[in-house]
1. Restricting attention to the stretch 155-185, which residues are part of a strand (DSSP E or B) and within 26 Å of Arg262 (Cα to Cα)?
2. For the stretch 21-41, which residues satisfy the criterion of being modelled with pLDDT of 95 or more and either hydroxyl-bearing (Ser, Thr, Tyr) or out of contact with any strand residue (DSSP E or B) (no Cβ under 9 Å at 6 or more places or on another chain) (or both)?
3. Checking the structure you have, find out if any residue of the stretch 145-161 is among the polar types (S, T, N, Q) and either in contact with a Ser or Thr (Cβ under 8 Å, 6 or more places away or on another chain) or surrounded by fewer than 17 Cβ atoms within 10 Å (Cβ to Cβ) (or both).
4. Select from the stretch 261-274 the residues that are surrounded by fewer than 22 Cβ atoms within 10 Å (Cβ to Cβ) and in contact (Cβ under 8 Å) with a residue 60 or more places away in the chain and write down the one among them that is farthest from Gly145 (Cα to Cα).
5. Keeping to the stretch 282-295, report how many residues are buried (at least 16 other Cβ atoms within 10 Å of the Cβ) and not hydrophobic (A, V, I, L, M, F, W, C).
6. I'm told Asp184 meets every condition in (1) of a type in the set (Asp, Glu); (2) in contact with a Ser or Thr (Cβ under 6 Å, 6 or more places away or on another chain); (3) under 18 Å from Trp16 (Cα atoms) except one. Can you identify the failing condition by its number?
7. Could you give me the residue pairs with C-beta distances under 6 Å whose first residue belongs to the stretch 48-76 and is free of Cβ contacts under 8 Å to residues at least 24 places away in the same chain, whose second residue is surrounded by 16 or more Cβ atoms within 10 Å (Cβ to Cβ) wherever it lies, and which are 6+ apart or on separate chains?
8. If we only count strands (runs of 3 or more DSSP E) wholly inside the stretch 44-145, which ones have 1 or more residues that are of a type in the set (Lys, Arg)?
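The values are calculated or read from the model by the stated rules, or taken from the named source; none is laboratory data. None of these values were measured; they are calculated from a predicted model. We place every Cβ from the backbone using ideal geometry, glycine too, and count neighbours over all the protein chains shown.
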Amino acid sequence: MTRVLVTGAYGCIGAWVTRDLVERGIDVIAYDLGDDPRRMALIMDDHELARVSHVRGDITDLEALEAVIDSQRITNIIHLAALQVPFCRADPPLGARVNVVGTVNVLEAVARRPHRLGPVVYASSIAAYDAIDAGEGPAMSGVPGTIYGVYKRANEGSAWVYHQERGVASIGLRPHTVYGPGRDQGLTSAPTGAMLAAAAGREFRIPYGGTSQFQYAPDVARAFVQAALADYDGATVHNLAGQAVSMQAVVMAIEASAPDARGLISYDDVTLPFPEAVDAASLTAVIGTVEELPFEQGVADAVDRFRRLLRDGRVAA
């Protein structure tokens, strides 16, 4: 029986990954230091939520992590526990413990249980690429633009070494700009905030512009789950698919989905130090095609979900 441990399950991607696993009929154990699965409650009904087992734990505690893997008879791990850019910037030592030591703990726990678990699937980030100016292509020869990106690149290296020296298979995925209900933290969460504001008829200013590769949260979750279920032996890192969209086009898509909000959403003419778009062909070669909604449909679905959540009093504008 497949039993998947999702670390950081109470985050945005973690909540959507949990939902995807439940819909597939797969046993899922949510492992998180928090005690509030509020993001899951935004996207899952009571019946679906009842099928999730919850274990409170700290990813920086290797002994506790190993105990859960054994007691819960875990067969696969999707490792998403991490602190986002602002939190790593505010407390770099804590960010290193969670993002770097936590990932090493996952790899070590799997290495100590050879042949018992499937490939470790973990979240890297577009931030692992070199810091760039607008229009430059992605590169890995320099230094990331944030301490968060430095940590994510370290994890990619750790995964490679663990495969070379200990035989631990892994697939790292680099999300870019994930959007949708539950995305309420992190540097690139602002477009989702704009979708919520539009659904509520409120003004909102996105603090950056340029072009980014947008990925709808349920599509991202699908990629992580497909990777976890792949019969794979290697240690590779892949970009996620998605659609490169200018911030002007983002605003237009939001206004098309919420006509009453026309003129309420704006953005600053500031670019992020990340590649605007990256190629995801290598991921398709490993796990197959990951279905995804066209961007305009994804925005419309997100805005519609926010309308319902607002109406039910489950989110605040």
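1. Within the stretch 155-185, Thr177, Val178, Tyr179 meet the criteria.
2. Glu23, Arg24, Gly25, Tyr31, Arg38, Arg39, Ala41
3. Checking the stretch 145-161: at least one residue is among the polar types (S, T, N, Q) and either in contact with a Ser or Thr (Cβ under 8 Å, 6 or more places away or on another chain) or surrounded by fewer than 17 Cβ atoms within 10 Å (Cβ to Cβ) (or both).
4. Leu264
5. Number satisfying all stated conditions: 1.
6. Answer for Asp184: the failing condition is (2).
7. Ala64/Gly57
8. Numbers: elements: 52-56, 76-79, 120-123.
It comes to 52-56.
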